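The values are calculated or read from the model by the stated rules, or taken from the named source; none is laboratory data. None of these values were measured; they are calculated from a predicted model. Backbone-built Cβ (ideal geometry, glycine too); neighbour counts: all protein chains shown.
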Amino acid sequence: MDPFSEKLILLVADKILLAGVGAFIAFMASKALERYRRNQTMIVEVAKRQATAFVDVFCGLTECSIHASRIMALARETPPNEEHIENAANKFLEARERLHDKLYAARFLLRYEIGDAAMGVSIEIDEFAKAVVEQAPAEKLDQHLAQLKESLMPFAKHIPELHLPD
C-alpha cells in the first residue's frame, strides 16, 4: 500500500472515531438535559401541590375563624337567639371537620413549621369547639376566640407578599 492510501485510511478512521465520540457526547448531554427537565417538572408539580395544600388549609382555618366570630356576634346579641347560635355552632363544627380532613390530606405537603403552625390553630379551634358544645358563657368564648386569633399569626406569617406589577 502506498503512503497516500495509508494516510487516507488513517484520516477516514480518525474522522469516524471523532464522529462516534461526538455522537456519544451528544447522546449523554441529551440524557442529562432530559433528566434535568424531568426533575424540574417534578419540582414544579410538587410546589403546585404544596401551594394548593397551603391554600386549602388556610381557607379551612379562615372559615373556622369566621364561624367562631359569627358565634360570638350572635352570643353578644340581647337577647341571644338560641336557634341562630345553634345553627352557627353547627356550621362551625362542620367547618372544623372539613379543616381536619384538609390537614390530614396536606400533612406531607406542608413544610414542618407551616404544618406545626396550622396544628396550633387547629388545637385552638378544638378548644373553642369544646366551649361551644359545652355552651360556655360569652366571656369564656371571648377568651378562646382571642387565643384562636392569636394562634393564626404564626401561620399567617407564611403567606407570601403579593407584588403587583407596575
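Filter the stretch 65-119 down to residues that are among the aromatic types (F, W, Y) and within 15 Å of Q50 (Cβ to Cβ) and give me whichever is surrounded by the most Cβ atoms within 10 Å (Cβ to Cβ). So, considering only residues that are among the aromatic types (F, W, Y) and within 15 Å of Q50 (Cβ to Cβ), the one surrounded by the most Cβ atoms within 10 Å (Cβ to Cβ) is F108. With respect to L152, determine if the residue is touching a Phe, Trp or Tyr at 6+ places or on another chain (Cβ under 9 Å) and of a type outside the set (S, T, Y). No; evaluated as a whole, the condition is false for this residue.
Counting the residues of the stretch 1-51 that are of a type in the set (S, T, Y) and closer than 30 Å to K102 by Cα gives 1. Within the stretch 94-116, can one find any residue that is in contact (Cβ under 8 Å) with a residue 12 or more places away in the chain, β-branched (V, I, T) and over 23 Å from A47 (Cα atoms)? Within the stretch 94-116, not a single residue is in contact (Cβ under 8 Å) with a residue 12 or more places away in the chain, β-branched (V, I, T) and over 23 Å from A47 (Cα atoms).
Of the residues making up the stretch 60-81, those that are farther than 14 Å from A136 by Cβ and in contact with a Leu (Cβ under 9 Å, 6 or more places away or on another chain) are G60, L61, T62, E63, C64, S65, H67, S69, N81. Any chance the stretch 76-92 includes a residue that's among the hydroxyl-bearing types (S, T, Y), more than 25 Å from A105 (Cβ to Cβ) and in a helix (DSSP H, G or I)? No, that holds for no residue. Can you find a residue in the stretch 125-143 that is surrounded by 12 or more Cβ atoms within 10 Å (Cβ to Cβ), free of Cβ contacts under 8 Å to residues at least 40 places away in the same chain, of a type outside the set (K, R) and outside any helix (DSSP H, G or I)? Yes. Every test in (1) assigned to a helix (DSSP H, G or I); (2) of a type outside the set (A, V, I, L, M, F, W, C); (3) more than 19 Å from I66 (Cβ to Cβ) is passed by P160 save one, and that test is (1).
Residues in the stretch 1-57 that are surrounded by 10 or more Cβ atoms within 10 Å (Cβ to Cβ) and of a type in the set (S, T, Y) were compared, and the one that is modelled with the lowest pLDDT is T52.
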